[in-house]
Amino acid sequence: MIISEFGRTLGVEEWKPCMDMLLAGRHVVLTTHMNSDGDGLGSEVALASALRSLGKEVSIINPTEVPSNYVFLNEIADIQVFDAKSEDAIGEISLADLVVLLDANLRERMGEIWRHVNFARELGALNVLCIDHHLDPEDFADLMVCETYASSTGELVYDLLTSMGAHIGRELITPDVARGLYVALMTDTGSFRFPKTTPYVYRVAGDLVSKGADPNEIYDLVYNSLKPESLRLLGTALSEIRLTADGTVSWLFISQEMLKKTGSKLFDTDIIIKYLLSVKSVRIAVLMVELPDGRTKVSFRSRGDVYVNEIAKQYGGGGHKNAAGCLLQYAPEKAVRVVMDAVRHFLNGREVAGK
Ligand SMILES: [Mn+2]
């Protein structure tokens, strides 16, 4: 069941159904989307730490590995990667009475994990809770809080834990929780500069800093921890960026060969996309990455009222208005052609509509 959006910060009463579910859980499994990011991971370790302080058994099981610059979050709570061959993760899912999906609102975003969660759920008393801030949620969990006003899932988890703390008369934002949530907030707001960075977000960040998050240390850990390989990929990538003749669209295709040559991994591409939008005339930036299995991962970024989630949606993807993505089954050449046609078509359509 999806709780209809409030469109603003929720209060204690409004968080009540969510709190009840969390407080009733004894064996809790937390997860997030494939190719996890700072928001999903920071929210997971923060929530895990808070729930453990309430005496609950908590494990974090993710569909894909933790990017190297977020590995330090393991100090707050252990993050496991799901492996269908290992009995451990499957055992924990079958023992769980509550699974919480953070920072995603589609079951397929959990990858292989969903099949096991669904199986355990059909067998008996397993609840699924979802806390997220992306557009277009799919109604699949027992309870879904999907608030697109929120800058990050971390902001929602902060509100939830603050309300829960007030409800049970206990401070839940410990220094560890504050660190995790600060990572979530900082990364999903692009270090407090993306459109949803409201005055409230700065107040939350301030509170987290006063409760033990060190902004300088966290920024350094997350953003200044590149490997030399990533810098090499960045160098190659920057020289390959293309712009359309009118300068409104920038795009870049990263092949497996490019990744291999520079010795870098897929998540190193995260640092590249911001350069695609750094040219003033650009309204839509498109980053396409060839995956090892031949498919193509597409990320869109945009400025102002150009809502790129509309393009991603055409190919089964989604996300936010100014940051969205999808996965194409096509090999590189076709993928580039299809995506660039879709972008051109989308911009032409907007012109016709007078936007
Ligand atoms: Mn997020």
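Over the Cα atoms of segment 228-353, Rg to Rh with Kirkwood Rh, two decimal places?
0.95
Output wanted: per-residue J couplings in Hz (rounded whole) for segment 249-255, from phi through Karplus 6.51 cos²θ - 1.76 cosθ + 1.60, θ = phi - 60°, x for Gly and Pro.
Whole-Hz 3J(HN,Hα) from phi for segment 249-255: 10, 10, 8, 8, 10, 10, 8.
Using the crude model of +1 on Lys and Arg Cβ and -1 on Asp and Glu Cβ, and no other charge, please compute the dipole size for segment 228-353 relative to its Cα centre, in debye to 20.
It comes to approximately 160 debye.
Give the calculated FRET efficiency between LEU327 and TYR202 to the nearest 0.05, with a Förster radius of 45 Å applied to their Cβ-Cβ distance.
0.85
Taking the Cα centre of the chain as the origin, how large is its charge dipole in debye, to the nearest 20, when only Lys and Arg (+1) and Asp and Glu (-1) carry charge on their Cβ atoms?
It works out to roughly 1260 debye.
Pop out the ³J(HN,Hα) list for segment 34-40 in order, Karplus 6.51 cos²θ - 1.76 cosθ + 1.60 with θ = phi - 60°, rounded to Hz; leave Gly and Pro as x.
Going residue by residue, I get 4, 6, 4, 10, x, 5, x Hz, with x marking Gly and Pro.
Find how much the distance from TYR275 to THR148 grows on full extension, using 0.36 nm per residue of separation minus their present alpha carbon separation; answer in nm with one decimal.
Difference between extended and current length: 43.2 nm.
For segment 180-187, what does the Karplus curve 6.51 cos²θ - 1.76 cosθ + 1.60, with θ = phi - 60°, yield as ³J(HN,Hα) per residue in whole Hz, taken in order and with x for Gly and Pro?
So the Karplus estimates, Gly and Pro as x, are x, 5, 5, 4, 4, 5, 4, 6 Hz.
Could you give the angle, 0 to 90 degrees to the nearest 10, between helix 12-24's Cα long axis and the longest principal axis of the Cα atoms of the chain?
Approximately 70 degrees, to the nearest ten.
Step through the table entries LYS261/LYS297; LYS261/LYS334; LYS211/LYS280; LYS265/LYS334; LYS56/LYS297; LYS260/LYS313, compare each Cα-Cα distance with 27 Å, and write down the pairs that go over it.
Too far apart for the 27 Å limit: LYS211/LYS280; LYS56/LYS297; LYS260/LYS313.
Taking the DSSP beta bridges in the chain as the whole, what percent of them are antiparallel, to the nearest 5?
So the antiparallel bridges amount to about 35 percent of the total.
Which value at 222 nm does the chain reach when only helices count, each DSSP H run of 4 or more adding -39,500 (n - 2.57), with the total divided by all residues and rounded to the nearest 500 deg cm²/dmol?
Estimated from H runs of four or more residues: -13000 deg cm²/dmol.
If the label point is 7 Å along Cα→Cβ of ARG344, which residues in segment 237-274 have backbone nitrogen under 18 Å from it?
242-253, by backbone N distance to the label point.
Could you give the distance between the Cα centres of segment 144-176 and segment 236-304, to the whole Å?
34
Jot down the radius of gyration and Dmax of the chain, Cα atoms only, both in angstrom.
Reported Rg and Dmax, both Å: 20.2, 60.
If the viscosity is 1.567 mPa s and the temperature 4 °C, what translational diffusion coefficient in µm²/s does Stokes-Einstein give for segment 12-223 when Rh comes from Kirkwood over Cα pairs?
Stokes-Einstein gives a translational diffusion coefficient of 77 µm²/s.
Counting other beta carbons within 10 Å of each Cβ, put ASP305, ASP39, ASP293, ASP176 in order, fewest first.
Fewest-to-most Cβ neighbours within 10 Å comes out as ASP293, ASP305, ASP176, ASP39.
List every residue whose amide H lies under 5 Å from the amide H of VAL81, counting only residues 5 or more places away in sequence or on a different chain, with H placed 1.01 Å from N in the peptide plane.
Close amide H contacts, sequence-distant or interchain: ASN62.
State the extension gain, in nm to one decimal, for the chain segment bounded by GLU112 and TYR223, taking 0.36 nm per residue of separation less the distance between their alpha-carbons.
37.0 nm is the gain from fully extending GLU112 to TYR223.
If packing is taken as the mean number of other Cβ atoms within 10 Å per residue, what is the order of 198-205, 144-151, highest first?
Highest mean packing first, the order is 144-151, 198-205.
Values in this text are rule-based calculations from the coordinates and carry no lab data. Treat the numbers as computed from the prediction; the structure is a model and nothing was measured. All Cβ positions, even for glycine, are placed from backbone atoms using ideal geometry, and neighbour counts span all protein chains on display.
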